[in-house]
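All remarks here apply to the structure that follows.
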Amino acid sequence: MSDPRAFSSSETPRLTPDIQARLGQELRTVYASFGEAPLPQRFLDLMRRLEEAEPRERVIEPALRDEMLGALPSLRAFAISLTNNVDQADDLVQETILKAWKNIDRFERGTNLNAWLFTILRNQFHTVWRKQRREVEDPDEAHAGKLRSIPAQPGHLALLEMREALEKLPPDQREALLLVGAEGLSYEEAAQICEVAVGTIKSRVNRARKRLAELLSIEDEEDFGPDRVTRAALLVE
């Protein structure tokens, strides 16, 4: 994919509410594509083994267990968006399950379980995967073959363009934008997960939206039309 035309600081596109809404719609569609595949059986087997190994005095409530199971697709989507590698993302989710189960007594019942799980996953990523990704060279982008492709559908080329643009965002901006714009978490919840101030999260989300518009060469609402799909098709040929 060739680089989109550059914007000078004076040419930074103005993100109107309509443009932000359209960017958000495409962002959520791409993010959802990361979690569309059936969950690996090893996740379900792991949770079953963990539950069977629990002593009677530490039985986890069925409702909480089911809520954790329900969070797995979102966790996997977030992990893929962080690692850009399905195999590493699945390892990351598995480690998150283990840590969450081991420390389930620390979870405050009645609060947002998803936010708690996302905190564990993100911390694990920054502890292991980010360091490992810096150390592993991939000059031929060999890992790209392990990425699950976006399903063929109308506009899938534009979605591919969005995914490639997301990968170019700085990690801190990408995770903030995904947590707020794709997962639908509040700024406060995202700030707690990322362990920064609410104002910092708002700033990162704002910068990420503007950078996406630059990378996608979006200056007005018409840039979301067929012309952008055509341009994406030409760029990937």
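Summarising the label geometry, the points placed 7 Å from Cα in the beta-carbon direction at ASP87 and VAL198 lie 4.3 nm from one another.
Say R0 is 45 Å: what FRET efficiency, to the nearest 0.05, do LYS102 and GLN20 get from their beta-carbon distance?
Efficiency computed from Cβ-Cβ geometry: 0.65.
For LYS210, the accessible surface of its heavy atoms amounts to roughly 80 Å² (probe 1.4 Å, protein chains only, rounded to the nearest 10). Between THR127 and ALA53, what is the FRET efficiency for a Förster distance of 35 Å, r being their Cβ-Cβ separation, to the nearest 0.05? Efficiency for this residue pair is about 0.90. Rounded to whole numbers, the Karplus 3J(HN,Hα) couplings from phi for the stretch 61-69 are 4, x, 5, 5, 4, 5, 5, 5, 4 Hz, using 6.51 cos²θ - 1.76 cosθ + 1.60 with θ = phi - 60°, and x at Gly and Pro.
The values are calculated or read from the model by the stated rules, or taken from the named source; none is laboratory data. All values derive from a computational prediction rather than experimental measurement. Positions of Cβ are backbone-derived with ideal geometry, glycine not excepted, and every protein chain shown enters the neighbour counts. Protein only, heavy atoms only, side chains kept; ligands, DNA and RNA dropped before computing areas. Shrake-Rupley method; radii C 1.70, N 1.55, O 1.52, S 1.80 Å.
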